[in-house]
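Only the coordinates and a few stated rules stand behind these numbers; no lab work does. Everything numeric in this text was worked out from a predicted model, so none of it was measured. We place every Cβ from the backbone using ideal geometry, glycine too, and count neighbours over all the protein chains shown.
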Amino acid sequence: MPIASTQSAATPVTSPDAAPTPRRRTDLLVAVAALALAFWVTSGLWLDPNGRAITVNSSDQAFFEWLLAYGGHAVTHGGNPLFTNLINVPDGVNLAVNTSITVYAAAFAPLTYLIGPPATFLVILTLNLAATGYAWYWFLSRFRPAPGADPLVRSRLAAAVGGLFCGFAPGMVSHANAHLNWTAGWLVPVILWRVLRLRRPDRWLRNGMLLGVLVAVAFSIAAEGLFFTALACGIFLAAWALDPGRRAEARAALPALLRGLGVTAVTAAALLAYPLWLHFLGPQRFHGTGFDARIHAEDIAAFGAFPERSLAGIAGLGTSLAPNPTEENSFLGLPLLILTVAGLVLLWRAAGPGRRATLRALAITAAVFTVLSWGPQVKWFGHITDVPLPYALLEHVPVFNAALPARLALVVTPVIGIVLALTVDHLRTAAPRTAAPRRSGLAWTAGFAVALVPLLPTTLLTIEREPIPTFITSGAWRQHVPAGGVLAPVPFTLDVLPDGQRWQAYALAHRQGEFAIPSGFFLGPGGPDGRGRIGPVPRTTDALLFDVARTGVVPPMTDADRAAARSDLRHWNVDVVVLADRVHGAKFPVHQPELLRATTDLLGPPQRVHDVWLWRVQ
């Protein structure tokens with residue numbers, strides 16, 4: 001298999017790390033380093049998990065908190081964790097085509113009930129970052145292509161450099177802005193490990209079943225990431241197998257690999273039968289997304305740019321080349337690109353045919369995903385040109401049409417991490433101890449420092465978010481909403497106005513019972529050309545109140561407006577309409593006094609209950 005070829009025959013057997021530092025101590029140090037970095041990145045939220053939100057993406061944070069509360073509630077109450085009628089009444093939401101993180105919701109349900117959805121969200125986010133760095137370290141330092149063979153790298157320092165880079169690279173830190181799916185990068189080395197194990201002819205059944213379970217878990221946490229991982233494995237293995245010097249080895253491993261993949265497919269299909277049916281054939285499904293692939297493609301210049309949340313970024317070297325702060329998927333910096341190329345050249349020159357096949361496959365994989373991440377047309381420093389790119393042939397292909405091309409750049413990160421680990425390993429194990437190599441070693445050390453120090457992550461930006469009203473936290477809502485009833489928060493819940501789902505999440509996690517809400521933050525049908533969109537297609541009343549919340553302008557209300565409001569409330573089967581004193585806007589400040597005046601003009605005088613204004617709907 002390809003990983004077997006990464007060790008040079010001339011490389012000494014004993015790592016310089018092995019004697020002075022026991023393995024367990026090194027493992028512990030790397031684990032502590034990974035946890036420390038993860039806590040550092042998320043430290044702004046740890047100051048007050050229930051009262052602070054991620055500045056640039058409080059909407060996604062509220063959505064994942066809701067998923068944890070709803071998923072845990074569904075599992076513990078015998079509900080359907082993949083379809084809900086608690087939001088977007090009366091149509092409901094197909095969570096199988098959203099990022100439902102079902103495994104996380106079920107596994108962390110006890111913690112969600114104990115400390116609440118916001119704190120559980122923060123625990124998972126922090127563990128995701130730490131586990132990703134440590135899982136890559138473990139893979140690099142432990143994976144052996146065959147019993148008795150050397151690991152991928154023998155220097156624990158090399159494995160730590162590669163692993164921690166993968167865990168805290170710019171793309172990972174960027175997605176730490178509330179994405180529990182994309183920060184679950186620990187799944188990738190675990191899946192890769194199991195894929196490479198499929199070649200063993202004596203364990204293909206067991207290995208295939210284990211990989212099938214992992215595929216099911218990964219699908220429930222990050223389906224888009226699973227697709228990218230599978231695509232990357234396919235490209236890497238194909239590039240390696242087509243090397244003239246490795247074809248015989250590839251042919252020998254192919255039968256066991258195919259048998260194992262067959263078992264994987266059967267196991268995953270059995271576990272995912274219902275989610276896949278719901279995803280492709282269930283109600284409220286959609287195909288493709290409403291996101292423009294040209295906008296959500298990686299700017300070519302972004303690969304050499306520095307990310308905002310890094311030492312270079314806070315020094316003023318960051319750029320605005322990403323479509324939003326959560327999508328800095330490359331932003332590797334020019335020094336790191338130069339270092340990676342230099343590392344590949346160094347490794348290539350010292351490598352035998354087997355290692356060169358692996359290096360070639362790594363380079364091809366990185367090149368393919370780099371070009372595909374550029375999207376359907378060339379974008380350079382924010383300017384979208386008319387120059388077509390290969391992704392234009394794929395953007396309407398099923399599965400590809402549901403992915404954002406810019407995120408394909410995330411696959412380049414572990415490739416660079418592996419190259420960095422192999423380079424450090426070579427420098428520490430292969431170079432003879434003479435004056436000239438020592439000077440060369442100092443130059444490489446300086447190169448690593450120049451490339452990696454500017455990318456050291458800084459903490460995520462956080463803000464104070466509006467508290468959940470006492471009307472909800474005290475359970476007083478149950479006196480005004482019948483069992484299974486509908487509570488309509490004003491303004492109506494959307495991605496930029498997430499309070500309604502935050503209220504729901506609190507009620508579910510604190511065992512108060514259920515209330516449904518109109519609208520919501522989710523992906524559903526109704527987008528252009530039959531694709532998906534965020535939230536439902538707006539009706540007259542929610543569109544009107546959204547404009548008031550955003551602009552603060554209250555238009556004159558007519559009898560036609562009031563009739564439309566009554567019709568919309570009947571459509572949603574609303575029992576009460578509620579406006580809190582403080583409303584959280586994820587992208588703009590909400591004009592609460594104007595909302596109170598507009599809603600009163602539509603529905604009549606409200607009733608004051610605790611810290612909310614309430615309108616009863618007849």
- Find which of Ala230, Ile418, Pro593 sits farthest along the positive direction of the dipole of the chain, computed with +1 on the beta-carbon of Lys and Arg, -1 on that of Asp and Glu, about the Cα centre. Ile418
- Query: For His510 and Gln618, FRET efficiency with R0 = 41 Å and r from the beta-carbon atoms, rounded to 0.05?
  - Reply: 0.85
- How many times 2.2 N^0.38 Å is the alpha carbon radius of gyration of region 164-298? 1.21
- Report the FRET efficiency, 1/(1 + (r/R0)^6), for Arg349 and Arg251, where r is their Cβ-Cβ distance and R0 is 22 Å, rounded to 0.05. 0.15
- Message: Modelling each spin label as a point 7 Å along the Cα-to-Cβ direction, I'd like the Val371/Leu334 distance in nm, to one decimal.
- Response: 2.4
- Task: Would you pull out the residues with amide H under 5 Å of Gly532's amide H, same chain only if 5 or more places away, H placed 1.01 Å from N?
- Result: His287, Thr289, Gly290, Gly527
- Message: Need one number: % antiparallel among DSSP beta bridges in the chain, to the nearest 5.
- Response: 80
- Task: Taking just the C-alpha trace of region 470-616, give me its Rg and Dmax in Å.
- Result: 14.8, 45
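If packing is taken as the average number of other Cβ atoms within 10 Å across a peptide's residues, how do 380-390, 28-38 rank, most packed first?
Going from most to least packed, we get 28-38, 380-390.
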- Among [x] 48, 25, 23; [y] 53, 33, 19; [z] 60, 31, 23, which is the computed semi-axes √(5λ) of the Cα gyration tensor in Å? [x]
- Note on the structure: Taking placed amide H atoms and a strict 5 Å upper bound, the residues 5 or more places from Thr462 or on another chain that come that close are Thr55
- Query: Angle, helix 187-197 long axis vs. longest principal axis of the chain, Cα atoms, 0 to 90°, nearest 10?
  - Reply: 40
- Query: Angle between the Cα long axis of helix 58-76 and the longest principal axis of the chain, 0 to 90 degrees, nearest 10?
  - Reply: 90
- Query: Which angle from 0 to 90°, rounded to the nearest 10, does the C-alpha axis of helix 559-572 make with the longest principal axis of the chain?
  - Reply: 60
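Would you compute, from DSSP H runs of 4+ residues alone, the mean residue ellipticity of the chain at 222 nm, taking -39500 (n - 2.57) per run and dividing by the full residue count, rounded to the nearest 500? Spell out each step's value before the answer.
On the way: 20 runs with 311 residues, N = 618.
When only DSSP H runs of four or more count, the value is -16500 deg cm²/dmol.
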- Over 23 Å [Cα-Cα, region 424-531], rounded percent: 58
